[in-house]
Amino acid sequence: MANIKISELSSATLPLGGGEELPIVQTGNTVKVEIADMVTLQQIVSGNHDLIDGVNLQGTSAGVGNTGVDVNAFGNNACLNNIGSQVNAFGADAAFGNQGSEVNAFGSNAGNGNVHDNVTLFGTDTSADGPNQVVFGKNAFDEAMILDFDSLTLVRKYTYPDKSGIVALLDDIPTSNISTAQVSISALQISTMDVTPIQIVAAPGVGKMLSPIKIVFKYNANTTPFNATGTRLFYDGLGSTATSTITIINSAVDSIAIPAITDNTVASLSSWENKSLLLYNISSSGALGDGTLDVYITYETITL
């Protein structure tokens, strides 16, 4: 094949296998090199040394002293003194002194001195405080948002609505003072409610009071109705009623009753503060009754 121009040669079959040889001139001598040895291009600028295969470097002293594997450094001193593997550093001093593996650092000083694995850092001076994190922001942890994936066991997907707005933390969302409760009362308890009232809502604590909004009674009839003068809700300690009187427990069939909230009592603060809501019968319920009662109440807890 002597005296054949390169332009006259047949085209090689692609893809190349890597073992094909090319002639090159090295220190004045013509030598051969395999394609595989030329695949990884290193742009090594002044100051780079002690580098192993598999790194791409760009920028003054990028990766100086690097001993990692599969490292891409773009920016002055990016990956300088890095000892981690599979590191991508973009920005001046990004991943400077990094010791973690599988690290992506984007921004000046991002990941500077990082020691954690599997982290991605976006922003000037961003750092991770543990493995498996994505960090956004600047100034280390003073102005940064951290997404921590360290304890995930499955893939989690979160979908945001197609609208602009502010994402609020749960602790910053105002909580409602409106609550609901449900209490089931047995036939035995009903029969003694004139002597032993049933607590429907517990006392809220010092500096607070309860204000009932709505109450629903559901009577579950059995064989024998009760025979009481009436049932109503009242405030423990105050002694005044919170609802109108009803005779639902005297019903022979399943029934619903929604008594009115009626209390207009004027009393001292101590009479209202930290008092529970109780259900009682005005007179004896009648020992022979055998139905049960479900009580559903909506109420507000007021801070005094």
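One table, with the values for the structure above:
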read-out: Selection status of residue 256, at pLDDT below 85 and either surrounded by 19 or more Cβ atoms within 10 Å (Cβ to Cβ) or not small (Gly, Ala, Ser) (or both); value: no
read-out: The one condition in (1) more than 28 Å from residue 211 (Cβ to Cβ); (2) surrounded by 12 or more Cβ atoms within 10 Å (Cβ to Cβ) that residue 197 fails to fulfil; value: (1)
read-out: So residue 186, is it touching a residue at least 24 places away in the same chain (Cβ under 8 Å), crowded, with 19+ Cβ neighbours inside 10 Å, of a type in the set (Gly, Ala, Ser) and more than 30 Å from residue 63 (Cβ to Cβ); value: no
read-out: Residues (closer than 17 Å to residue 275 by Cβ and either loosely packed, with under 15 Cβ neighbours inside 10 Å or not assigned by TED's automatic domain parsing to the domain that holds residue 270 (or both)) located in segment 289-300; value: 300
read-out: Flag if residue 193 is outside any strand (DSSP E or B), hydrophobic (A, V, I, L, M, F, W, C) and in the same structural domain as residue 281 (by TED's automatic domain parsing); value: yes
read-out: Residue in segment 238-247 that is assigned by TED's automatic domain parsing to the domain that holds residue 279, touching a Lys or Arg at 6+ places or on another chain (Cβ under 7 Å) and at positive phi present; value: no
read-out: Condition met for residue 137 (part of a loop (DSSP other than H, G, I, E, B) and of a type outside the set (A, V, I, L, M)); value: no
read-out: Given (1) free of Cβ contacts under 8 Å to residues at least 24 places away in the same chain; (2) not in a loop (DSSP other than H, G, I, E, B), number of the condition residue 164 does not satisfy; value: (2)
read-out: Strands (runs of 3 or more DSSP E) contained in segment 1-108 and holding at least 3 residues at pLDDT below 75 and under 26 Å from residue 124 (Cβ atoms); value: 55-58
read-out: Given (1) in a strand (DSSP E or B); (2) modelled with pLDDT of 85 or more, number of the condition residue 205 does not satisfy; value: (1)
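The values are calculated or read from the model by the stated rules, or taken from the named source; none is laboratory data. These numbers come from a predicted model, not from an experiment. Positions of Cβ are backbone-derived with ideal geometry, glycine not excepted, and every protein chain shown enters the neighbour counts.
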